[in-house]
Amino acid sequence: MTQSPSPEENLAALGFDLPQLPAPGGNYLSAKRVGAIVYLAGVISTGPDGVITGTAGLDRSVEDGYKAAVACALTQLAVLRRELGSLDRVAEVLTVNGYVNAAAGFADSPAVINGASDLLVKVFGEAGRHVRAAVGVNALPRNALVEIQMTVRVTE
């Protein structure tokens with residue numbers, strides 16, 4: 001029987017480098033573990049040039065938002081690696097809450113947040129499938145295009 005690649009191996013095969021972690025923007029923790037559950041604070045979309053900004057349906061497309069959601073998921077993976085030592089300790093992704101800085105009437109928030117969901121399934125396989133919310137909002141911190149918050153279960 002062939003063993004499936006680990007999450008760390010999948011991430012490497014995808015060619016992604018995890019970003020440097022930003023300091024929390026307030027009086028809160030980036031992650032909090034309660035038993036086997038790790039609650040992750042929301043992270044905004046950032047890339048090599050700083051915050052990925054804009055408004056979906058106004059000056060940013062669904063494709064731009066999808067890429068911003070991928071960037072958020074990569075930041076969350078970096079938080080998890082720091083907290084756990086390895087992504088291989090993630091047993092499953094439980095929840096993803098995605099927020100899209102969107103123009104009034106923008107109906108494609110789920111298509112934007114698919115960026116995070118798709119990446120998590122590529123990294124964790126079936127254990128990356130999760131329940132989620134994909135919500136359009138009228139503002140995010142620092143005019144970010146996307147914010148993602150997650151909850152995972154870890155191996156003991």
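The values are calculated or read from the model by the stated rules, or taken from the named source; none is laboratory data. Only a predicted model underlies this, so the values are computations on that prediction, with no experimental measurement involved. When we count neighbours, we look across all protein chains shown, and the Cβ atoms used for this are built from the backbone with ideal geometry, even at glycine. What goes into the accessible areas is simple: the full protein's heavy atoms, side chains included, and nothing from ligands, DNA or RNA. Shrake-Rupley method; radii C 1.70, N 1.55, O 1.52, S 1.80 Å.
Let me confirm something: among Val96, Val121, Val154, Val43, which residue is in contact with a Lys or Arg (Cβ under 9 Å, 6 or more places away or on another chain), touching a residue at least 60 places away in the same chain (Cβ under 8 Å) and not polar (S, T, N, Q)? So that I can check it myself, show each step before the final result.
Details: Val96 fails: touching a residue at least 60 places away in the same chain (Cβ under 8 Å); Val121 fails: touching a residue at least 60 places away in the same chain (Cβ under 8 Å); Val43 fails: in contact with a Lys or Arg (Cβ under 9 Å, 6 or more places away or on another chain).
Only one candidate qualifies: Val154.
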Review point. Just for segment 120-135: of the residues that are farther than 18 Å from Asp108 by Cα and β-branched (Val, Ile, Thr), which one is least open to solvent (accessible area, probe 1.4 Å)?
Key: Val123
Practice item. Would you check which residues across segment 136-156 are open to solvent by 10 Å² or more (accessible area, probe 1.4 Å), farther than 25 Å from Ala104 by Cα and in contact with a Ser or Thr (Cβ under 9 Å, 6 or more places away or on another chain) and list them? Key: Thr151
Check your understanding: Of the residues that make up segment 74-87, is at least one in contact with a helix residue (DSSP H, G or I) (Cβ under 7 Å, 6 or more places away or on another chain), more than 16 Å from Ser117 (Cα to Cα) and modelled with pLDDT under 95?
Key -> no
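To keep it simple, each residue is scored yes or no on (1) within 16 Å of Met150 (Cα to Cα); (2) part of a loop (DSSP other than H, G, I, E, B); (3) of a type in the set (Val, Ile, Thr); (4) open to solvent by 60 Å² or more (accessible area, probe 1.4 Å).
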| position | (1), (2), (3), (4) |
| --- | --- |
| Ser4 | no, yes, no, yes |
| Leu18 | no, yes, no, no |
| Gly25 | no, yes, no, yes |
| Ala41 | yes, no, no, no |
| Gly65 | no, no, no, no |
| Ala68 | yes, no, no, no |
| Gln76 | yes, no, no, no |
| Arg81 | yes, no, no, yes |
Review point. Is there a residue in segment 16-34 that is modelled with pLDDT of 95 or more, over 14 Å from Leu77 (Cα atoms) and touching a helix residue (DSSP H, G or I) at 6+ places or on another chain (Cβ under 8 Å)?
Key: yes
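Could you please find all residues in segment 27-39 being open to solvent by 30 Å² or more (accessible area, probe 1.4 Å), in a loop (DSSP other than H, G, I, E, B) and hydroxyl-bearing (Ser, Thr, Tyr)? Steps first, answer last, please.
In the first step, residues of segment 27-39 are kept if they are open to solvent by 30 Å² or more (accessible area, probe 1.4 Å); the result is 27-29, 32-35, 37, 39.
Remaining after also requiring in a loop (DSSP other than H, G, I, E, B): 27-29, 35.
Residue satisfying the conditions is Tyr28 alone.
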Check your understanding: Can you pull out the residues in segment 105-118 that are touching a residue at least 40 places away in the same chain (Cβ under 8 Å), among the small types (Gly, Ala, Ser) and part of a loop (DSSP other than H, G, I, E, B)?
Key -> Gly105
Point to revise | Filter result for Val90 (free of Cβ contacts under 8 Å to residues at least 60 places away in the same chain, among the β-branched types (Val, Ile, Thr), open to solvent by less than 30 Å² (accessible area, probe 1.4 Å) and touching a strand residue (DSSP E or B) at 6+ places or on another chain (Cβ under 6 Å)) | key: no
Review point. Would you say Ile52 is open to solvent by 30 Å² or more (accessible area, probe 1.4 Å) and farther than 26 Å from Gly85 by Cβ?
Key: yes
Check your understanding: Is there a residue being touching a residue at least 60 places away in the same chain (Cβ under 8 Å) and of a type in the set (Ser, Thr, Tyr) anywhere in segment 25-36?
Key -> no
Exercise for review: Mind listing just one residue for me: the one in segment 83-102 that is charged (D, E, K, R) and assigned to a helix (DSSP H, G or I) and, of those, nearest to Leu40 (Cα to Cα)?
Suggested key: Glu83
